[in-house]
Each structure stands twice: as structure tokens, then as C-alpha cells.
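The values are calculated or read from the model by the stated rules, or taken from the named source; none is laboratory data. Predicted, not measured: the structure shown is a model, and the values here were computed from it. Heads up, the Cβs are rebuilt from the backbone with ideal geometry, glycines too, and the neighbour counts pull from every protein chain shown. Keep in mind that these areas ignore ligands, DNA and RNA; they rest on the heavy atoms of the full protein, side chains included. Shrake-Rupley method; radii C 1.70, N 1.55, O 1.52, S 1.80 Å.
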Amino acid sequence: MSDAEVRAAVERELPGVRADLERLVRIPGVAFDGFDHSHVERSADAVAELLRGCDLRVRIVRSGGQPAVIGTRPAPPGAPTVMLYAHHDVQPVGDRARWESDPFEPVERDGRLYGRGAADDKAGIMAHVAALRAFGEALPVGVVLFVEGEEEYGSESLERLLAEHRDLLAADVIVIADSVNWDVGVPALTTSLRGIVNCFVEIRTLDQAVHSGMFGGAVPDALTTLVRLLATLHDDAGDVAVEGLSVGVGAAVDYPQERFRAEAGLVDGVQLIGTGRITDRIWTRPAVSVIGIDAPPTAEAPNALVPAARAKISVRLAPGDDPKRAYRALREHLERHLPWGARLDVVAEQAGDPCAIDASGPAFDAARSAFRTAWDGTDAVDIGIGGSIPFIATFREMFPQAAILVTGVEDPHSRAHGPNESLHLGEFARVCLAEALLLSRLAAGTGSVSES
């Protein structure tokens, strides 16, 4: 098929693709503990049905976790095989009062489709489906479509699934549709991602709560002690003060401060933290955040000294760092700066490797060409991501000869993981076209698409 024929075929399929995306968004498939996992099962069944409609051989698989879906179609003689990855589970919605509409009832406003999972990552699934539908029986490459069911919950069973189905999943190129484009109207290839280390930190200063008037001023309360300890994680400029964390090579892309502030939703007057270029701060350097604290709610707090307080700390690691080494560095920092002889307990929760991708070679050339055509002459930008997709390291280990392309359906305004998550429908159409063109170009480069 020519580029014009591919474009026409994708445009023909888009109305049905959107309708199926909306059906997926209506399924509240949250894999976190405490949620109704029957919805995750429903989501897997719905994805399996979509893949069967693309004439793929489909199976629903699991390895002690939530269901994943694998669909396969063999390659034509001499053509490469491409794995297309996405995930069908979604983040919890959080405070529903912050949503402008029902998170599981898709609604279009101003050219964007709102709903939990509309961007992350059910649109990724449907971009794959759109490309397959566009080609129909004339699919020019072999396809392995792998749709995970617990990515948002940490991909706990992913490594086992990959090992158990390794031969079935083997591919020359892997397309991971779970990232973001540089801007509306500007595509991107993600070439670096930070790793992650999460841990719980508990401070205890008392056996039990005691009267704040009788003992305050001489006895340290746990919450004040915890706050003082957490304050040592950054210096006065806001740079991370934990010794032993790696710093990566500076990024080549500039991120204008006003654009960054607007996209982050920063309140007027709030200063940015850290030093150096913004892209370095969010892509290639570590970041430390306090993302939760357990302490008495203010409305119920008695006039008593808090005996114990607990915080959750999240550390994003620069490409090239090691999660185990970073956790040790964080723990040693906390022990070294512990105030007033308090009792400290640190418990690791989650760890994931950072990733740097050498985005050179025929598969990346094919992707850049496809993006340029889909975005009407606009070249793709190589970007880093401050967030983490730890399983990319697992894919690289399992399939070392495959070229890994990290693409995305999101844009900086998608608010993935937050309230009012949305998908830019015009950009989604370009993503669908780009993927179909990519498959066409990979077929045209038969025999030389994998990395050397």
C-alpha cells in the first residue's frame, strides 16, 4: 500500500476505532489491591475480542497476576515480526470530586476525549488495532500484540509472562505505545527514562501519645522529627542532597520555562526547584518527592504529641543509576540525618531500572520517516521522560536483538494518572496513521530492522 492508501485506510477506520476506545474506557479495570478485579477480567475479554476481530490468534494468559492478552499473526515470507505493546489496566481515579465528568464515561470537550484510560493506555491499544484494521488481510509484517493487565500496579508478573511465552513473543522490533509526544503537533521518540525507588519511612519518638502542654518543649514529637528529616533531602536551591545518586548526561532539548509552568499547572508565584536546564532536572538527574504522610488528620488531632509518623518517599533515578545502590544511598542519608536520636524504620516498596536507548538504526529511521509523514513534515524529537517504565529493561534483557521503539499517544496536557485525563483526538489520529506507516516501512526494509 502507498502512503496515500494507508492514510485513506486509517481515516476509514477511525470512527470505529474511537467507538471501541470509548467502550474500553467504560470498563474500570484497576489492578490495585482493594478494587473489583472482575473489571480487569472484563477488560481483558474486551481486548481479546478486538484482537480476534483483526484476525489474530488470541489467548488470555496470566502468571499469578492479572490477565494479559496475546494476539499473533505470522509474518509473510521474509518479513519481520513486530511486537506491539500496550496495557489495558488503569490508575485509580482518586478524588472523584476533582473530575469534571464521570471518569468512566468518555466525554468529548474541545477536541479531547476525557476519561480514565482514554490516554493511558487504552488509546495505545486502539492505535495498534487501528493499524491492523487499516491493512486488513494485507498486513505486511508479522505481529505479536501484547496487552498487559497490571502495568499501573507495577507489572509484578510481567517477567514471568515474558519468560513463559518467550518464543511466542519473539520479535525483530518492539513498539511500546505508553509514552508521550513532545507537544500537540510535534511527535517524539522516547530515548531515556528515569528509574524509581519507593520506600516507607517511619519515625517513632514515644511509646504513646502524651499531653502536648505537659511534655511539649522537651519531648520531640514524631511528626516534627519526620518533617525535619524530610527537609534534609534537598538543599536550599531544591537540588537533591542525597549523596551517591547518579547524574546523567544533559539533555539536548530545551523546555521553555513558561510552557513548563503552564503544563505542570504551577500556582502563580511558586518557584521551580533545582538548578540547571529544566530537561536536565526532569530527565537526567535524580528527583526526590514525599508523596504521602500518615499522621493524625487535622480535624481529629488532639492536643497531644504524635508518637509515630510515616512518610512515603519516591526517588526517580537518572539513566545509568542502579536501584539497589540508590536505595542504600537514601537509607544511609536518612540514618545520617536522623534528628534527636529518634527511632527510624525504612522499608523498600518498589524499584525499577532506568533506561537509555540508542535510537539509531533502520527501525528508528523507519519510525522517524513514518512520524514525519503523519505529522505533515514535522520531524520527531528525541526526548527523555522523567517517569519510569521499568519493564523496558526486562524487554531488553529478554529480547536483546530487538530494536525497541518507545512511542506514545499522550501529549503534555493529557494529565495521565490525574483527574480529567484526556486524549487529543487530532493527535490520536496522527498516532494511528504513524503506526500503520511504520509497519509499512518496516516491511519495506525487510531483513535489516533489528539492532546489530
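Using heavy atoms of the protein chains and a probe of 1.4 Å, the accessible area assigned to R12 is about 140 Å². Each Lys or Arg adds one and each Asp or Glu subtracts one; over the other residues with Cβ under 12 Å from the Cβ of D55, this totals +3.
Along the range 131-144 the Karplus relation, 6.51 cos²θ - 1.76 cosθ + 1.60 evaluated at θ = phi - 60°, assigns HN-Hα couplings of 5, 5, 5, 4, 8, x, 6, 9, 4, x, 10, x, 9, 10 Hz to successive residues, with x for each Gly and Pro.
When peptides 355-361, 299-305 are sorted by average Cβ neighbour count within 10 Å, with the highest value leading, the order is 355-361, 299-305.
By how many nm would the segment from D294 to D358 lengthen if fully extended, with 0.36 nm per residue of separation less the alpha-carbon distance? Kindly include the intermediate steps, with their values, before the conclusion.
Numbers: separation 64, 0.36 × 64 = 23.04 nm, distance 4.18 nm.
Using 0.36 nm per residue and subtracting the Cα-Cα distance, I get 18.9 nm.
A 1.4 Å probe run over the protein chains yields, for the range 1-125, 43 Å² of accessible area per residue, whole-number rounding.
Farthest toward the positive end of the dipole of the chain, out of S101, L169, V186, is the Cα of L169, where the dipole comes from beta carbon charges about the Cα centre. Remark on V210: its backbone amide H falls under 5 Å from those of L305, a criterion applied only to residues 5 or more positions apart or on other chains, H modelled at 1.01 Å from N.
Compared with the dominant Cα axis of the chain, that is its longest principal axis, helix 323-336 is turned about 10°. Here the range 130-166 is scanned for amide nitrogen atoms under 13 Å from the site 7 Å beyond the Cα of E5 along Cα-to-Cβ, giving 135-140.
Comparing the chain with the 2.2 N^0.38 Å rule of thumb, its C-alpha radius of gyration ratio is 1.05 (two decimals). Under 5 Å between amide hydrogens, built in the peptide plane, is the criterion, and for D178 it picks out T407 among residues at least 5 positions away or on other chains.
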